[in-house]
Amino acid sequence: MAHLNPRGLSDREISILIVDDHALFRQGLRRILESDHGFAVVGEATDGGEAIQLARELHPNIILMDISMPHLNGLEATQKIKRLLPKTDVLLLTMHEDTFLQEEGLRMGASGYILKKSVDRDLFEAIRRVRSGYPYSPPPNMKGGKSSIVPPSYETLSFREKEILRLLARGMTNREISEFLYISVNTVETHRRNVMKKLNIHNLSEIIKYALVHGLIQG
């Protein structure tokens, strides 16, 4: 017979914290998870800062972490949480099929990632796999993009600079990037100048070429 721990969970249940800034998506994930008695959703957060706070309070087995969120994004939150709770596994949730964000997430300490379009099919397998100590990534036919092979100069960029480089290479304007990342246009422009200086890039066409050559976006 399963025993209950102080949080009211049986020792057979995997406790899960859901982190996503879209309420409908969180509700959908909760319904999927609660359809299996082996999983228990112990909390929901809407951004990275709230995720850190709840993770510290709840000590979940798994955190399902959206990458693109306001205030503090999922990758930065993952890095902070793994420092606090190294035994908690983080599975990143992303709509993006290029490899930049997934690879950055693994460097931050995530155990894997799931494409949002396939959570209904892959979620249970992904959770059980990382709880068994193995990384998870989508099946090959579900992946997009190509692995990035970047020069040493790329690693001189901050996370935010890498993110802005990728978005610029995808053709987004400074205004669109500011709205997407919830930061000011002036901040985007500052990061853009820093990227160009560090990589010795002089215009947008060179940014796009750099990203394509080094596999940061799909051609």
Across segment 155-185, which residue is surrounded by the most Cβ atoms within 10 Å (Cβ to Cβ) among those that are of a type in the set (A, V, I, L, M, F, W, C) and within 18 Å of Met69 (Cβ to Cβ)? Ile164
How many residues are of a type in the set (Val, Ile, Thr) and assigned to a helix (DSSP H, G or I) when one looks only at segment 96-137? 3
Quick one: in segment 70-95, of everything that is in contact with a strand residue (DSSP E or B) (Cβ under 8 Å, 6 or more places away or on another chain) and part of a loop (DSSP other than H, G, I, E, B), which residue is farthest from Ile114 (Cα to Cα)? Thr88
Looking at segment 100-115, I want the residues that are over 11 Å from Pro135 (Cβ atoms) and have a partner that is outside any helix (DSSP H, G or I) and of a type in the set (Asp, Glu) with Cβ atoms under 9 Å, at least 6 apart or on another chain. Which pairs are those? Leu115/Glu97
Single residue of segment 60-69 satisfying the filter (outside any strand (DSSP E or B) and either at pLDDT 95 or above or not assigned by TED's automatic domain parsing to the domain that holds Arg121 (or both)) that is farthest from Gly43 (Cα to Cα): Asn61
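The values are calculated or read from the model by the stated rules, or taken from the named source; none is laboratory data. In this text the structure is predicted, and so the values were computed from the model without any measurement. Note that each Cβ is placed from the backbone with ideal geometry, even for glycine, and that neighbours are counted across all protein chains shown.
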